[in-house]
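Down below is the structure, laid out as structure tokens.
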Amino acid sequence: MKTPLVSIIIVNWNGGEIFRDCLESLARIDYKNWELIIVDNGSIDGSQKLAFKHKLIWNKTNLGFAPANDQGYERASGKYILLLNNDTRVEPDFLNRLVERMERDPSLGVVQPKIFSLRKPGYLDNAGSFPTKIGFFHHWGFMEKDRREFQKEREIFSSKGACMLIRRDVIEKVGLFDPDFVSYFEETDFCWRVWLSGSRVLFYPQAKIHHMVGYTIRRMDVANINFHYYKNRITSLIKNLELRNLVIILPAHLIVSLGIASFFLLKFKIINFWMIFSAIAWNILNVRRTLEKRRKVQKFRKVSDRILFSALMWPISWGRFISDLRRVEADIKRKKIFKTQFFQK
């Protein structure tokens, strides 16, 4: 039986030896019908030379994760699209298992494998994300020890962008990543649109990979990363919520966000404060463009918020929320000048 072609897209930015390890693990997989498309985002460490045997798109500068994956998709020919981070190592049978599961169920639009942490063996990266009533998201399994809870497949709201197998015709219907997102939260926005279009997103633990969690983030300006998280999350709420939920959830999200910003300001964490303020300001200045995107999303909507949230809304855990806030605060240690991007159109 002929297996469908899978287009594997990897975005690389100064991946070094960890990128080499990723490619070597791919060379050992037992799935035969696949192509590799590498989008290099202006690497200067020599890792861009590792792609010479495969399709290569070379950008002079780092365009971000979302635009680069969109570039890769334009060169893809497969029935399925696999997005894979450059800091992963895959199991030999992972792609066979993902494709087999997808082939058995046409309702599936996205499937995520079980993603283990390379830094902490036996612990997970993220088994999927779920929305809450205040617009923030719960990341199920984040840096938690593998246990029975993570042994069974289950529907998830959003897959982890480090590894996700996507049905091509779903992308043709809803698009891939929003290029304005640049990096971060793009996979959640995409999976949200997948659900709204009538397809499903699944966590499938029978397929396994390993991820060097934080490898890219540790080499970047963490304040800028969190600016994009806040900016993109607000944009995604505006684009994807039904109107009756938008007027409830968005104000709640903004109130909590401004509360966090005020907390940072009171502690004289000016960079942290400016990060959130800039994210809100960017959305105000770009609201017309976001509303045009919203119009397109709502046009192909087949699933109501009521149905979607009744199955996948996660209860708010304030303890976890505060813990995540403290982790973000601790991460922003470098004294770089945070270059706001909210004036970019």
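Only the coordinates and a few stated rules stand behind these numbers; no lab work does. Since we're looking at a predicted model, the values are computed, not measured. Here the Cβ is made from the backbone with ideal geometry for all residues, glycine too, and neighbour counts use every protein chain on show.
Residues checked against (1) part of a helix (DSSP H, G or I); (2) at positive phi; (3) free of Cβ contacts under 8 Å to residues at least 60 places away in the same chain; (4) not hydrophobic (A, V, I, L, M, F, W, C):
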{"site": "LYS114", "(1), (2), (3), (4)": "no, no, no, yes"}
{"site": "PRO121", "(1), (2), (3), (4)": "no, no, yes, yes"}
{"site": "LYS133", "(1), (2), (3), (4)": "no, no, no, yes"}
{"site": "PHE142", "(1), (2), (3), (4)": "no, no, yes, no"}
{"site": "GLY161", "(1), (2), (3), (4)": "no, no, no, yes"}
{"site": "GLU172", "(1), (2), (3), (4)": "yes, no, yes, yes"}
{"site": "ASP180", "(1), (2), (3), (4)": "yes, no, no, yes"}
{"site": "TYR184", "(1), (2), (3), (4)": "no, yes, no, yes"}
{"site": "VAL194", "(1), (2), (3), (4)": "yes, no, no, no"}
Residues of the stretch 240-261 being of a type outside the set (A, V, I, L, M, F, W, C), over 22 Å from VAL297 (Cα atoms) and in contact with a helix residue (DSSP H, G or I) (Cβ under 8 Å, 6 or more places away or on another chain), which ones? SER257
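Tell me, which residue of the stretch 55-77 that is closer than 19 Å to PRO4 by Cβ and more than 21 Å from the chain's Cα centre (by Cα) is surrounded by the most Cβ atoms within 10 Å (Cβ to Cβ)? Walk me through how you get there before you give the answer.
Residues of the stretch 55-77 closer than 19 Å to PRO4 by Cβ: 55, 72-73, 75-77.
In the following step, the residues that additionally are more than 21 Å from the chain's Cα centre (by Cα) were identified as 55, 77.
Numbers: LYS55: 16, SER77: 12.
Checked the stretch 55-77; the qualifying residue surrounded by the most Cβ atoms within 10 Å (Cβ to Cβ) is LYS55.
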Given (1) surrounded by fewer than 23 Cβ atoms within 10 Å (Cβ to Cβ); (2) of a type in the set (S, T, N, Q); (3) in a loop (DSSP other than H, G, I, E, B), number of the condition ASN96 does not satisfy: (3)
When residues of the stretch 144-155 are filtered for being surrounded by 15 or more Cβ atoms within 10 Å (Cβ to Cβ) and under 18 Å from ARG119 (Cα atoms), how many remain? 2
Please enumerate the residues belonging to the stretch 111-165 that are under 25 Å from SER199 (Cα atoms), charged (D, E, K, R) and out of contact with any strand residue (DSSP E or B) (no Cβ under 8 Å at 6 or more places or on another chain). LYS133, GLU149
Determine which single condition TRP13 fails, assuming it passes every other condition in (1) within 22 Å of SER197 (Cβ to Cβ); (2) surrounded by 24 or more Cβ atoms within 10 Å (Cβ to Cβ). (1)
I'm told ARG20 meets every condition in (1) farther than 23 Å from ARG167 by Cβ; (2) assigned to a loop (DSSP other than H, G, I, E, B) except one. Can you identify the failing condition by its number? (2)
Taking the stretch 302-319 and keeping only residues that are surrounded by 15 or more Cβ atoms within 10 Å (Cβ to Cβ) and assigned to a helix (DSSP H, G or I), one is left with ASP305, LEU308, PHE309, LEU312
